């Protein structure tokens with residue numbers, strides 16, 4: 001027994017010695033000028049890159065190795081809000097092992113760096129709404145799914161118990177989850193702040209899980225299944241559980257990236273169900289012109305049904321040209337819409353602004 005006791009002490013001392021040789025890594029470190037320093041300990045690595053959603057697609061951010069085996073890179077200045085990042089170590093992509101703030105995704109986990117500052121998506125001292133997580137069995141898909149639902153601060157106030165609210169169905173992008181619009185998009189804070197400033201009417205925001213087919217399945221398959229799920233499961237459930245206004249005049253459908261493509265596809269396929277359709281950096285369906293030839297041939301009907309068709313995209317977004325071409329097609333066919341081309345790339349920094 002004494003021999004085992006001595007062995008355990010020896011192993012403890014060896015482990016303590018090894019830990020003492022590993023530097024204390026602080027990452028990310030956000031500076032007063034809103035730049036951020038990122039670090040990762042990888043003493044045997046040959047090449048380490050910083051991956052950040054503020055970078056253009058295909059853009060590299062090489063990290064520099066120090067004598068202590070810690071690789072370092074600096075980014076920014078960055079605007080207020082949360083940004084998704086990670087590292088690529090000799091070809092292997094990983095989240096930041098020194099950062100407990102993570103972004104849940106459909107495939108792999110990312111890390112989050114939070115840049116302070118006043119913005120419409122920041123938490124302010126205003127009345128806050130609630131965000132519920134709803135789990136339910138989907139009749140259309142056959143599995144148990146989740147969705148996030150924002151209700152404004154007035155929803156649970158006793159004197160408002162008979163009040164009904166319009167609904168915004170807000171869709172996330174590829175490799176994201178139902179949590180994306182609250183974890184990174186701050187949709188709840190955006191609505192809280194705009195409502196408090198009387199810049200938006202009170203509404204309920206529904207954020208469903210957009211991967212109806214398994215992640216990585218062909219886009220057309222996912223869009224078809226998600227359409228069934230949204231129309232047959234999500235909307236009936238919301239209208240049965242929450243105090244909502246019904247009818248197209250009270251329903252909006254908006255999404256980012258993959259969700260933007262879903263919003264365009266579902267909106268044009270169901271002009272009688274939504275009066276507002278929005279696409280942020282949308283993955284516009286490649287076959288839109290042929291698939292929706294009959295709708296494009298009836299611009300008066302589309303313009304009458306859609307009170308607002310809103311399209312936004314960043315100049316450095318890899319989907320910029322696709323959205324420009326989509327806008328040109330709509331214009332040529334006489335379909336009214338708003339096109340907002342801004343600075344920015346394919347990330348939540350742009351999508352938060354678009355939602356606001």
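The values are calculated or read from the model by the stated rules, or taken from the named source; none is laboratory data. Just so we're clear, the structure is a prediction, and the values are computed from it rather than from any experiment. Note that each Cβ is placed from the backbone with ideal geometry, even for glycine, and that neighbours are counted across all protein chains shown.
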- [ ] May I ask you to verify whether residue 198 is over 24 Å from residue 346 (Cα atoms) and in contact with a helix residue (DSSP H, G or I) (Cβ under 9 Å, 6 or more places away or on another chain)?
- [x] no
Open item on the list: Show me the strands (runs of 3 or more DSSP E) found entirely inside the stretch 261-356 where at least 2 residues are touching a residue at least 24 places away in the same chain (Cβ under 8 Å), buried (at least 21 other Cβ atoms within 10 Å of the Cβ) and touching a strand residue (DSSP E or B) at 6+ places or on another chain (Cβ under 6 Å).
Closed with: 276-280, 308-314
TODO: Scan the stretch 135-150 for residues that are in contact with a helix residue (DSSP H, G or I) (Cβ under 9 Å, 6 or more places away or on another chain) and under 14 Å from residue 177 (Cβ atoms) and jot them down.
DONE: 145, 147, 148
- [ ] Can you give me the number of residues within the stretch 241-255 that are under 13 Å from residue 168 (Cβ atoms) and not in a helix (DSSP H, G or I)?
- [x] 8
Open item on the list: Could you check the stretch 323-354 and list, in sequence order, the residues that are more than 19 Å from residue 52 (Cα to Cα) and within 20 Å of the chain's Cα centre (by Cα)?
Closed with: 323, 340, 341, 342, 354
Task: Matching residues in the stretch 92-110 - criterion: being under 14 Å from the mean Cα position of the chain (by Cα) and under 21 Å from residue 81 (Cβ atoms) - done: 102, 103, 104, 105, 109, 110
- [ ] Within the stretch 196-219, work out how many residues are outside any loop (DSSP other than H, G, I, E, B) and free of Cβ contacts under 8 Å to residues at least 60 places away in the same chain.
- [x] 3
Open item on the list: Need the failing condition index for residue 57 against (1) under 23 Å from the mean Cα position of the chain (by Cα); (2) assigned to a loop (DSSP other than H, G, I, E, B); (3) farther than 25 Å from residue 354 by Cα, just the number.
Closed with: (3)
- [ ] Looking only at the stretch 147-161, decide whether some residue is crowded, with 20+ Cβ neighbours inside 10 Å, part of a loop (DSSP other than H, G, I, E, B) and modelled with pLDDT of 95 or more.
- [x] yes
- [ ] Mind listing whichever residues of the stretch 101-115 are modelled with pLDDT of 95 or more and in a loop (DSSP other than H, G, I, E, B)?
- [x] 101
